[in-house]
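Novice: One structure, pasted below without further comment.
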C-alpha cells in the first residue's frame with residue numbers, strides 16, 4: 001500500500017494532522033477525495049483513509065485489487081466500516097471530520113449515517129490549511145517540476161511558425177511538455193474550474209472574460225469550456241502569453257512567460273516592466289510573518305503609481321488576486337488577495353502572477369513559483385523574464 | 001446569453017425537464033454544475049440556471065461579465081436569489097431539486113438555507129435520466145465528433161516508430177487529435193475519475209488494475225493518476241489498445257481500436273474476433289425496449305461459450321459492464337451491466353466495449369459509439385475493426 005521511500009514523509013503529514021485534530025477535539029478524520037488520498041497515502045485509490053486523533057492510520061480500499069500492508073482492508077461499501085472498526089478495536093469517532101467542501105451532498109450524508117458521529121466537522125478546511133506548508137519531499141517534487149517546466153519553456157520559441165494560431169502554438173507546446181514528462185492532468189480546486197493543461201492567450205483574446213476563477217480569461221474553443229486559446233492568429237505587434245502547467249510530478253509549478261510577434265507598443269513594455277517591478281518588490285519584503293494582503297496592496301500601489309490600474313489583471317473583468325498557493329492542485333492556499341489575513345510561513349509554495357492586459361496588444365506580465373524560506377523567498381522557476389520576440 | 005441557433009434545442013430540453021418536474025410534483029430545479037449548465041443553456045458559466053415547473057427559465061450569473069438577454073440577472077452570491085425571485089414575481093419553490101450527487105455538501109446546505117424549501121429532491125438523478133435521450137442537435141454534435149474521431153484514428157498507424165513507448169505513441173496521437181480539433185478536456189461523472197484524454201494500453205500494462213471505474217486499467221505515469229500508459233515499450237508480439245477521447249465537440253464519442261506489433265498468439269486473435277462477434281450479436285437484437293442487462297448477459301454467454309471468461313474485461317480485476325451512455329461526460333446513463341433494468345429508448349447514445357486482456361500479449365477488443373434508432377442501432381464511429389499491424 002505505502003511505498004517505503006514515502007513513509008517518513010507521510011509520517012510528518014499524519015503527525016501534523018493528528019496535532020491539529022487534537023487541538024480541535026476531533027476524534028478522527030476520514031478522507032476519500034483523490035488529492036487528499038495522494039497527500040496522506042502517496043497514491044490515489046478508490047476508498048478511504050482514516051486517521052484517528054491518536055494512533056495508527058487505516059486504509060479501506062475498494063479498488064484497485066492487490067494492495068496490501070498494515071491496516072489495509074478491502075471493502076465494497078462504506079457501510080462495512082463500523083464492523084471493521086469494532087474488529088480492530090478502533091473507537092468510533094464522536095467528532096468526525098469529513099471533506100464537506102469536496103464530497104457530494106449524497107456521499108457526505110451517507111457517511112454521516114454510517115458513522116452516526118455526534119458532531120461532524122470540515123476536513124476540507126483542515127486539509128487545505130495543512131497542505132499549505134509543504135514537507136521536504138513535496139518541495140523536492142516542486143523542484144523537479146520547476147526544472148522540467150523551465151526546460152519546456154526553452155522550446156517554446158521553436159514552436160512558433162509565422163501565420164499560426166494560438167491553438168496550433170499551444171498544441172506544439174503541449175507536445176513538448178508531454179515529451180518532457182508532463183503527466184497531462186492538471187488538478188484544480190472547486191467546481192467548474194475545468195481547464196486543459198494551462199492557458200495560451202494571444203492578442204485580443206486576452207480581454208475576453210471567463211467564468212472561471214483564474215487570473216485571466218480567453219474565449220476557449222467552445223462554450224462548453226470557455227477559457228484560453230480560441231483560434232486567434234499570432235500577428236505582428238501582439239503578444240502571446242504562455243501559462244502552461246508544470247505538471248511533471250503531482251506537484252504543479254506555475255510559470256508564465258510572454259512572447260511577442262515583433263515590436264509592441266511602449267505601453268505594453270511599460271506594463272511588463274511594472275510586473276517585473278512588482279515581483280522584485282515582493283521578493284524584497286516577503287518572508288515568514290508577512291500578511292498576504294500586504295503583498296496584494298503593495299502591488300496595487302505600484303500599479304496605481306504607474307497609471308496602469310485599468311489594465312491590471314484584465315480589463316473587462318479584473319481578477320482580485322495576484323498569487324495563490326500551489327501544490328497537488330493549482331489553486332491551493334494561501335491566496336494573495338485584498339482581504340487575506342493569512343501569514344506566510346516557511347515551506348509554503350506559491351505562484352506570484354502580476355499581469356496586465358493591453359487592448360490591441362494582449363497580455364503581458366510574469367508568473368513564477370516561490371518557496372517561502374526561513375528568511376524570504378526562493379524562486380523555483382528560472383527562465384528569461386523579459387518579453388521574448390518570436391521573430392527575433 | 002443564449003445563442004440563437006440553440007434556442008429550439010434548449011426549448012426541447014426545458015420542456016422535458018418541466019414535464020418530469022410536474023410528474024414529480026416539483027416546483028423548481030436549480031442547476032449550477034458545468035455539464036448541466038451547458039446542457040440547459042448552451043454555455044458553461046459561473047452561476048445558476050433556474051427552471052420553474054411552469055414558465056420561463058432564469059439565468060443568475062456571477063461570471064463572466066457581459067452576458068445579457070431575457071431573465072439574465074447578475075449576482076454576487078446565492079443569498080441574493082430570494083429577493084430576485086420576489087422582484088420577478090417568481091414563486092419560491094416548496095419542492096426544489098438541487099444537484100445532490102454533484103454539489104458539495106457545503107454548497108448544497110447553503111442553497112437549502114437560501115431557499116428554505118419544504119422539501120429538496122435530487123436534480124442529479126433527474127438530469128442524468130433526461131440527458132440519456134439526446135436531442136437532434138446533440139446527435140449532430142456526436143456525428144461531428146465521430147467523423148473527427150475516425151479521421152484521427154486513420155493517423156494512428158503513422159504515429160508508430162519501432163522502439164517507442166506507449167507514452168511516446170500516446171503523445172503523438174494527442175498531437176494529431178489536437179491538430180484535428182480536439183478540445184483537450186474530457187469530462188467524467190463521479191469523484192476520483194481523473195483521466196487524461198483517454199487511454200493507450202500496451203502489452204502487460206493492460207493487466208494492471210486501476211482504482212477507477214473505467215473498462216480497463218493500466219499503471220499510469222505516477223501514483224497520483226494511476227491509469228493508462230506507464231512507459232511500456234511497444235514490443236513484438238504485443239498489442240497496444242487506443243481508446244482516446246472523441247472530444248471534438250462537447251459531446252464525446254468513444255471508440256477503441258487495437259494495434260499489434262507484428263503477429264500475436266492465436267488466443268489474442270480468437271478473443272478479438274469474439275469481441276467483434278459480441279458487437280454483431282448485440283447490433284442484431286438491440287432496439288427500443290431492449291433491457292440493458294440482457295445485452296450484458298448475451299455478451300457473457302458468448303464469452304463463456306468461447307472459453308474466454310477469465311480474460312473478459314480484465315484479468316486481475318474485471319469490469320462489470322460492457323458499455324455505457326455517452327454525452328457531455330464519458331460515463332452517462334444507461335450502463336450495460338448485469339443488473340441494469342434500464343430499457344433502450346430511441347435517441348440514446350452509448351458506447352459498447354467488449355474487451356479482453358490476454359496475459360503476455362495485452363488488450364484486444366472493440367469499442368464503438370451507437371445511436372439507438374426507432375428500429376435498432378446505428379453505428380456512429382466507422383473505422384477498420386480488425387487488429388491493425390503497426391509493422392504491416
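Novice: Out of all the residues in region A:176-200, which are over 29 Å from residue B:108 (Cα atoms), surrounded by fewer than 20 Cβ atoms within 10 Å (Cβ to Cβ) and free of Cβ contacts under 8 Å to residues at least 12 places away in the same chain?
Specialist: Residue satisfying the conditions is A:179 alone.
Novice: I would also like to ask the following. Among the residues of region B:113-128, which ones are out of contact with any helix residue (DSSP H, G or I) (no Cβ under 9 Å at 6 or more places or on another chain) and either at the interface with chain A (Cβ under 10 Å from one of its Cβ atoms) or in a helix (DSSP H, G or I) (or both)?
Specialist: Within region B:113-128, B:125, B:128 qualify.
Novice: Pick from region A:254-285 the residues that are touching a helix residue (DSSP H, G or I) at 6+ places or on another chain (Cβ under 9 Å) and assigned to a strand (DSSP E or B): which of them is farthest from the other protein chains (Cβ to nearest Cβ)?
Specialist: Within region A:254-285, the match that is farthest from the other protein chains (Cβ to nearest Cβ) is A:260.
Novice: Kindly provide the set of residues from region A:343-383 that are touching a helix residue (DSSP H, G or I) at 6+ places or on another chain (Cβ under 8 Å) and in a loop (DSSP other than H, G, I, E, B), ordered by number.
Specialist: Scanning region A:343-383 gives A:344, A:347, A:354, A:359, A:360, A:361, A:366, A:376, A:380, A:381, A:382, A:383.
Novice: Can you find a residue that is touching a helix residue (DSSP H, G or I) at 6+ places or on another chain (Cβ under 9 Å), assigned by TED's automatic domain parsing to the domain that holds residue B:371 and either surrounded by 22 or more Cβ atoms within 10 Å (Cβ to Cβ) or assigned to a helix (DSSP H, G or I) (or both) anywhere in region B:157-165?
Specialist: yes
Novice: Across region A:13-34, what is the number of residues that are out of contact with any helix residue (DSSP H, G or I) (no Cβ under 8 Å at 6 or more places or on another chain) and in a helix (DSSP H, G or I)?
Specialist: 6
Novice: What number of residues in region A:286-295 are surrounded by fewer than 17 Cβ atoms within 10 Å (Cβ to Cβ), without any contact (Cβ under 8 Å) to a residue 60 or more places away in the chain and in a loop (DSSP other than H, G, I, E, B)?
Specialist: 1
Novice: Of all residues in region B:229-253, count the ones that are closer than 23 Å to residue B:389 by Cβ, under 17 Å from the mean Cα position of the chain (by Cα) and within 14 Å of chain A (Cβ to nearest Cβ).
Specialist: Matching residues across region B:229-253 total 1.
Novice: Test residue A:100 against the stated conditions and say whether it is touching a residue at least 24 places away in the same chain (Cβ under 8 Å), touching a strand residue (DSSP E or B) at 6+ places or on another chain (Cβ under 9 Å), within 19 Å of residue A:27 (Cβ to Cβ) and surrounded by fewer than 16 Cβ atoms within 10 Å (Cβ to Cβ).
Specialist: Spelling it out, it is not the case that residue A:100 is touching a residue at least 24 places away in the same chain (Cβ under 8 Å), touching a strand residue (DSSP E or B) at 6+ places or on another chain (Cβ under 9 Å), within 19 Å of residue A:27 (Cβ to Cβ) and surrounded by fewer than 16 Cβ atoms within 10 Å (Cβ to Cβ).
Novice: Further, regarding this structure: Please go through region B:103-112 and give me each residue that is in contact (Cβ under 8 Å) with a residue 24 or more places away in the chain and either in contact with a strand residue (DSSP E or B) (Cβ under 7 Å, 6 or more places away or on another chain) or in a loop (DSSP other than H, G, I, E, B) (or both), ordered by number.
Specialist: Correct list: B:103, B:111.
Each row is one residue, and each column tells you yes or no for (1) at pLDDT below 95; (2) touching a helix residue (DSSP H, G or I) at 6+ places or on another chain (Cβ under 6 Å); (3) within 10 Å of chain A (Cβ to nearest Cβ); (4) in a helix (DSSP H, G or I).
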position	(1), (2), (3), (4)
B:44	no, yes, yes, no
B:61	no, no, yes, no
B:67	no, no, yes, no
B:73	no, yes, no, no
B:76	no, no, no, no
B:80	no, no, no, yes
B:91	no, no, no, no
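Novice: So which residues in region B:186-208 are over 22 Å from residue A:102 (Cα atoms), in contact with a strand residue (DSSP E or B) (Cβ under 7 Å, 6 or more places away or on another chain) and in a loop (DSSP other than H, G, I, E, B)?
Specialist: B:197
Novice: Of all the residues that make up region B:171-210, how many are more than 7 Å from chain A (Cβ to nearest Cβ) and over 13 Å from residue B:230 (Cβ atoms)?
Specialist: Total meeting the criteria: 15.
Novice: Report yes if some residue within region B:137-146 is in contact with a helix residue (DSSP H, G or I) (Cβ under 6 Å, 6 or more places away or on another chain), surrounded by fewer than 22 Cβ atoms within 10 Å (Cβ to Cβ) and not in a helix (DSSP H, G or I); otherwise report no.
Specialist: Taking every residue of region B:137-146 in turn, none turns out to be in contact with a helix residue (DSSP H, G or I) (Cβ under 6 Å, 6 or more places away or on another chain), surrounded by fewer than 22 Cβ atoms within 10 Å (Cβ to Cβ) and not in a helix (DSSP H, G or I).
The values are calculated or read from the model by the stated rules, or taken from the named source; none is laboratory data. On a predicted model such as this, the values are computed, not experimentally measured, just so you know. A quick note on method: Cβ atoms are made from the backbone with ideal geometry, for glycine too, and the neighbour counts reach across all protein chains shown.
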